[in-house]
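A.B. asks: Before anything else, here's the structure in question.
The values are calculated or read from the model by the stated rules, or taken from the named source; none is laboratory data. Bear in mind the structure is a predicted one, so any value in this text is a computation, not a measurement. Glycine gets a Cβ as well: all are built from the backbone with ideal geometry, and neighbour counts include every protein chain shown. Just so you know, the surface numbers come from the protein's heavy atoms only, side chains and all, with ligands and any DNA or RNA stripped out. Shrake-Rupley method; radii C 1.70, N 1.55, O 1.52, S 1.80 Å.
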Amino acid sequence: MVCGGFTCSKNCLCALNLLYTLVSLLLIGIAAWGIGFGLISSFRVVGVVIAVGIFLFLIALVGLIGAVKHHQVLLFFYMIILLLVFIVQFSVSCACLALNERQQRQLLEVGWTSTVTARKDIERNLNCCGFNAFNSSETCSAACYTNLQCSPCAPIIEEYSGMVLRFVGGIGLFFSFSEILGVWLTYRYRNQKDSRANPSAFL
């Protein structure tokens, strides 16, 4: 059986969806690990990560069942959803890689002022207080607040933000191209016949 045949397409599609399943379980596990060790106390952040993990797991499950059973309807919806996810993920990844330092700082400042829980996590984990300047009259979760000798968080966050955005953008681009591969494999697999089955059973 050549690699372009029915069996090869089926096996490649199953392997791709198993990879998505592992990634989804990893996302859910990281969120649970962050809560368990007290690294993340923001339920909004954890909820988003878990929701993305569950969504990816459901997509992989649909693709896996469709590939194993050669189910035309499931494969069609899987292909459409995967294409929409690719468009969104590719756009977000390009935006992450295209942000300059001024835009990164503006984005960080908006995020800093919009959520209190995440701000407390950052102050506690990075041992800093305030965004642009330390204000002793404001409460802070950092250990340095006890002696009122804290550094602002903005320089520390900006030191890592560019690296994190490049990492997230690169990972997003990698998975976006794997999604295009999944769309192509699904399209080809839907239009292939199983030579071992009854040819008249293909619908």
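A.B. asks: Please work out whether the chain counts as rounded, prolate or oblate from its C-alpha gyration tensor, where a ≥ b ≥ c are the square roots of the eigenvalues and a/c under 1.5 means rounded, while otherwise a/b larger than b/c means prolate and anything else oblate?
C.D. replies: On the way: a/c = 3.97, a/b = 2.76, b/c = 1.44.
Cα axes put the chain in the prolate bin.
A.B. asks: Identify the trypsin sites (Lys or Arg not before Pro) of the stretch 140-198 meeting these criteria: DSSP loop state and at most 10 other C-beta atoms within 10 Å of the C-beta.
C.D. replies: Details: sites: Arg166, Arg188, Arg190, Lys193, Arg196; in loops: Lys193, Arg196.
When the trypsin sites (Lys or Arg not before Pro) of the stretch 140-198 are filtered for loop state and at most 10 Cβ neighbours within 10 Å, Arg196 remain.
A.B. asks: A further question follows. Can you compute the helix-only [θ] at 222 nm over the chain? Use -39500 (n - 2.57) per DSSP H run of at least 4 residues, normalise by all residues, nearest 500 deg cm²/dmol. Could you put the intermediate results ahead of the total?
C.D. replies: Values: 6 runs with 147 residues, N = 203.
Value at 222 nm, helices only, nearest 500: -25500 deg cm²/dmol.
A.B. asks: From Cα pairs below 8 angstrom and at least 6 apart in sequence, can you work out the relative contact order of the chain, rounded to a whole percent? Walk me through the numbers before you get to the answer.
C.D. replies: Numbers: 211 pairs, mean separation 54.2, N = 203.
The normalised contact order for the chain reaches 27 percent.
A.B. asks: Quick one: which of 172-185, 145-158 comes out on top by average Cβ neighbours within 10 Å, and what's the full order, highest first? Provide the component values of the computation, followed by the final result.
C.D. replies: Values: 172-185: 17.3, 145-158: 14.6.
For the peptides 172-185, 145-158, the packing ranking is 172-185, 145-158.
A.B. asks: What's the angle, to the nearest 10 degrees (0 to 90), between helix 116-126's Cα axis and the longest principal axis of the chain?
C.D. replies: 80 degrees
A.B. asks: Roughly what angle does helix 101-114 make with the longest principal axis of the chain, taking Cα atoms, 0 to 90 degrees, to the nearest 10?
C.D. replies: Helix 101-114 and the main axis of the chain meet at about 80 degrees.
A.B. asks: Once the mean 1/r over all distinct Cα pairs of the stretch 97-185 is inverted, what Kirkwood radius in angstroms do you read off?
C.D. replies: Computed over the stretch 97-185, the radius equals 14.8 Å.
A.B. asks: Any chance you could give the angle, 0 to 90 degrees and rounded to 10, that helix 72-98 forms with the longest Cα principal axis of the chain?
C.D. replies: 30 degrees
A.B. asks: Can you pull the percent of the chain's accessible area that's carbon plus sulfur, 1.4 Å probe, other chains left in place? Could the numbers behind the result be given before it?
C.D. replies: Working: 8680 of 12280 Å².
The computed percentage sits at 71.
A.B. asks: A follow-up question, please. Rounded to the nearest whole Å², what accessible area per residue is found for the stretch 92-203 with the 1.4 Å probe?
C.D. replies: Working: 7110 Å² over 112 residues.
With all protein chains present, the stretch 92-203 gives 63 Å² per residue.
A.B. asks: Which one, Val183, Thr146, Thr7, projects farthest toward the positive side of the charge dipole computed for the chain from Cβ point charges (K/R +1, D/E -1)?
C.D. replies: Of the candidates, Thr7 comes out farthest on the positive side.
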